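Q: Have a look at this one before I ask anything.
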Amino acid sequence: MAGELGERAVRQDALAQELGVSKIPVREALSRLAQDGLLMRIPNRGWFVCPLSMGEAEEIYALRLAIEPQAAAQACESATAAEREAVKSAYKALEAATRSDLSALARHNREFHLALATTETQPLTRRLIEQLALLAERYVAQHLRPHGRSDRARAEHAALHAAWIAGDSTQVATLLTAHIGGTLDDLRQQLGDG
């Protein structure tokens, strides 16, 4: 684990210098990322990116499956004009993202899923989905690494977008359940538990 952590070290001083800020805001940001479960601090060693874990992926995706499909189904029925535009905009940005930058692709994926599943009338649901999407983002990037996965995801997102815009809540819930479940199945194979 020491070698693995060494490769994933986050150097506070170097990060502060690169960003042109003092160490204090960097330390606060690193503490926040640790609270979010993305970093860990090891006394006398520093900050490290948390390794991918199939156990964590199982938990994140189980929670997403329990919340996100139903929330998106409800959102497509009650969305305001502004929320519909937000979904269209997030979808366009996702479509424009390229496979050559998996980090950006995963970020646009998060923004699209968040737009699908939340409305102004669901602030608690939005916070929960936002937290889960943030935690899932690095697993999404991992999931998209093998050739062909981004093509499948693109087709699934197109179908989801069309059903959501059409207000077909049953289809949205069905498609989103299959999409999130399929990603989890892929991750099980990639991370060794499947």
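Q: What are the ³J(HN,Hα) couplings of the stretch 94-109, residue after residue, when phi is run through the Karplus curve with 6.51, -1.76, 1.60 and θ = phi - 60°? Round to Hz, x for glycine and proline.
A: 5, 5, 7, 5, 10, 5, 5, 10, 5, 5, 5, 4, 5, 5, 5, 4
Q: Tell me, how many Å apart are the Cα centres for the stretch 157-194 and for the stretch 10-57?
A: Measuring centre to centre over Cα atoms gives 31 Å.
Q: Same structure, new question: By average Cβ neighbour count within 10 Å, what is the ranking of 130-140, 18-28 from highest down?
A: Ranked by mean Cβ neighbours within 10 Å, highest first: 130-140, 18-28.
Q: Give me the percent relative contact order of the chain, please, defined on Cα pairs under 8 angstrom at least 6 residues apart. Walk me through the numbers before you get to the answer.
A: Working: 195 pairs, mean separation 49.0, N = 194.
Relative contact order here is 25 percent.
Q: Something else about it: Which percent of Cα pairs goes in each bin when the distances of the chain are cut into 5 angstrom slices starting at zero?
A: With a bin width of 5 Å, the distribution comes to 1, 7, 14, 18, 18, 15, 11, 8, 5, 2, 0.
Q: Now a separate question. Which residues' amide hydrogens lie under 5 Å from the amide hydrogen of LEU39, considering only partners 5 or more residues apart or on another chain, with H built in the peptide plane?
A: Result for LEU39 returns ALA34, CYS50.
Q: Using the Karplus curve 6.51 cos²θ - 1.76 cosθ + 1.60 with θ = phi - 60°, what ³J(HN,Hα) values do you get for each residue of the stretch 37-46, in whole Hz, with x for Gly and Pro?
A: Result, ordered by residue: x, 9, 10, 9, 10, 10, x, 6, 10, x Hz.
Q: From the backbone phi of the stretch 71-88, what are the Karplus-calculated ³J(HN,Hα) couplings (6.51 cos²θ - 1.76 cosθ + 1.60, θ = phi - 60°) in whole Hz, Gly and Pro given as x?
A: 5, 5, 4, 5, 5, 5, 7, 10, 5, 7, 4, 5, 5, 5, 5, 5, 5, 4
Only the coordinates and a few stated rules stand behind these numbers; no lab work does. These numbers were taken from a predicted model, which means no experiment stands behind them. Neighbour counts are summed over all protein chains in view; Cβ atoms, including those assigned to glycine, are modelled from backbone coordinates with ideal geometry.
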